[in-house]
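Okay, structure first, notes after.
The values are calculated or read from the model by the stated rules, or taken from the named source; none is laboratory data. Values in this document were obtained by computation on a predicted structure and should not be read as measured data. Here Cβ is always computed from backbone atoms with ideal geometry, including for glycine, and neighbour counts include all displayed protein chains. These area figures cover heavy atoms from the full protein model, side chains too; ligands, DNA and RNA do not enter into them. Shrake-Rupley method; radii C 1.70, N 1.55, O 1.52, S 1.80 Å.
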Amino acid sequence: MGIKENLDQFKKALLHHVQLVAVSKTKPESDILIAYNCGQRIFGENKVQELSNKHPQLPSDIEWHFIGHLQSNKVKYIAPFVSLIHGVDSLKLLKEINKQALKSNRTINCLLQFHIASEETKFGLNYEEAVEILNSESFALIKNVNIAGVMGMATYTNDEGVVRKEFKHLKEIFNDLKQEFFQYNENFKEISMGMSDDYTIAIEEGSTIVRIGSAIFGARY
Ligand SMILES: *Cc1c(COP(=O)(O)O)cnc(C)c1O
């Protein structure tokens, strides 16, 4: 099936409250335009260089989400236009995003990334680390970042039980942080979890943003 057909299926299948990020990494601008012409406006990229190249070539009403691991020294390249950074996992990075957001006279939406998978390699915070950041004096001084919620990636496995448990864990983290730090902050509302292979489980467990690449654009090589 083509990009249009795939997208139409997602639009029909996704509940109204779940946002679809079309993950266009490694895919050409022509593919992004096909999706754009079907009405898709939110696209996700995971490399700063690739995103910086694509952004000026494509319509300006696209909302670009950065979904990869972001190095502090590269924040400046995407700060002027990025609409949501999914993978924030340190205070150092938050401070740099704040600094660059201020320079661009913007507030940048960010999600705190949590390590929920059993794999060692995945990036992300644990609950205690997040609490430490949110309680810190430096965090209190950060005014140009809006913490919009949490993000996580489940273990890459066919075992649905494992994946479900990890998504449940992320939802609990979200609830606990909401209670402790964001009770009266309505901006803290997003749970970014679910990819092509596990989004149905993620939505059942409370996802509000799914990040779908290959199921829309086809396999990456
Ligand atoms: C590549 C990527 C996705 C999309 O993966 P698919 O399996 O192609 O849907 C989602 N989230 C992140 C963080 C990614 O890097």
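Close Cβ contacts (under 7 Å, 6 or more residues apart or on different chains) running from residues in the range 71-98 that are free of Cβ contacts under 8 Å to residues at least 40 places away in the same chain to residues that are crowded, with 17+ Cβ neighbours inside 10 Å and among the charged types (D, E, K, R) comprise Ser72/Glu96; Val75/Glu96. Against the test of being away from the ligand (no atom under 14 Å from the Cβ) and under 17 Å from the mean Cα position of the chain (by Cα), the options Leu84, Leu102, Leu94 yield a single qualifying residue, Leu94.
Condition (residue is surrounded by fewer than 19 Cβ atoms within 10 Å (Cβ to Cβ) and over 25 Å from Glu50 (Cβ atoms)) applied to the range 65-82: is it met by at least one residue? Within the range 65-82, not a single residue is surrounded by fewer than 19 Cβ atoms within 10 Å (Cβ to Cβ) and over 25 Å from Glu50 (Cβ atoms).
Filter the range 183-198 for residues that are buried (at least 19 other Cβ atoms within 10 Å of the Cβ) and outside any strand (DSSP E or B) and give the result. Phe188, Met193, Gly194, Met195, Asp198 - these are the residues of the range 183-198 that are buried (at least 19 other Cβ atoms within 10 Å of the Cβ) and outside any strand (DSSP E or B). Looking only at residues in the range 199-213 that are open to solvent by 30 Å² or more (accessible area, probe 1.4 Å) and without any contact (Cβ under 8 Å) to a residue 40 or more places away in the chain, which one is nearest to the ligand (Cβ to nearest atom)? If we take residues in the range 199-213 being open to solvent by 30 Å² or more (accessible area, probe 1.4 Å) and without any contact (Cβ under 8 Å) to a residue 40 or more places away in the chain, then Tyr199 is nearest to the ligand (Cβ to nearest atom). When the residues of the range 38-57 are filtered to those that are outside any helix (DSSP H, G or I) and away from the ligand (no atom under 13 Å from the Cβ), which remaining residue is surrounded by the fewest Cβ atoms within 10 Å (Cβ to Cβ)? Only one residue tops the list, namely Gly39.
The set of residues from the range 129-164 being open to solvent by 50 Å² or more (accessible area, probe 1.4 Å) and hydroxyl-bearing (Ser, Thr, Tyr) comprises Tyr156, Thr157.
Of all residues in the range 167-198, those that are more than 8 Å from the ligand (Cβ to nearest atom) and of a type in the set (Ser, Thr, Tyr) total 2. Considered as a group, the residues in the range 63-81 that are farther than 18 Å from Thr107 by Cβ and in a loop (DSSP other than H, G, I, E, B) include one that is nearest to the chain's Cα centre (by Cα), and that residue is Ile67.
When Ser192, Ser196 are screened for being modelled with pLDDT of 95 or more, over 25 Å from Ala101 (Cα atoms) and under 15 Å from the mean Cα position of the chain (by Cα), only Ser196 passes.
A single entry from Ser30, Ser60 fulfils the requirement of being polar (S, T, N, Q) and part of a helix (DSSP H, G or I): Ser30. Just checking, does the range 20-37 include any residue being aromatic (Phe, Trp, Tyr), out of contact with any Ser or Thr (no Cβ under 8 Å at 6 or more places or on another chain) and either more than 16 Å from the ligand (Cβ to nearest atom) or open to solvent by 20 Å² or more (accessible area, probe 1.4 Å) (or both)? Yes, the range 20-37 contains at least one residue that is aromatic (Phe, Trp, Tyr), out of contact with any Ser or Thr (no Cβ under 8 Å at 6 or more places or on another chain) and either more than 16 Å from the ligand (Cβ to nearest atom) or open to solvent by 20 Å² or more (accessible area, probe 1.4 Å) (or both).
Quick one: is His17 closer than 18 Å to Ile191 by Cα and away from the ligand (no atom under 16 Å from the Cβ)? So His17 passes the test. One residue stands out in the range 96-128 among those that are touching a strand residue (DSSP E or B) at 6+ places or on another chain (Cβ under 9 Å) and part of a helix (DSSP H, G or I): the one that is surrounded by the fewest Cβ atoms within 10 Å (Cβ to Cβ), namely Tyr127.
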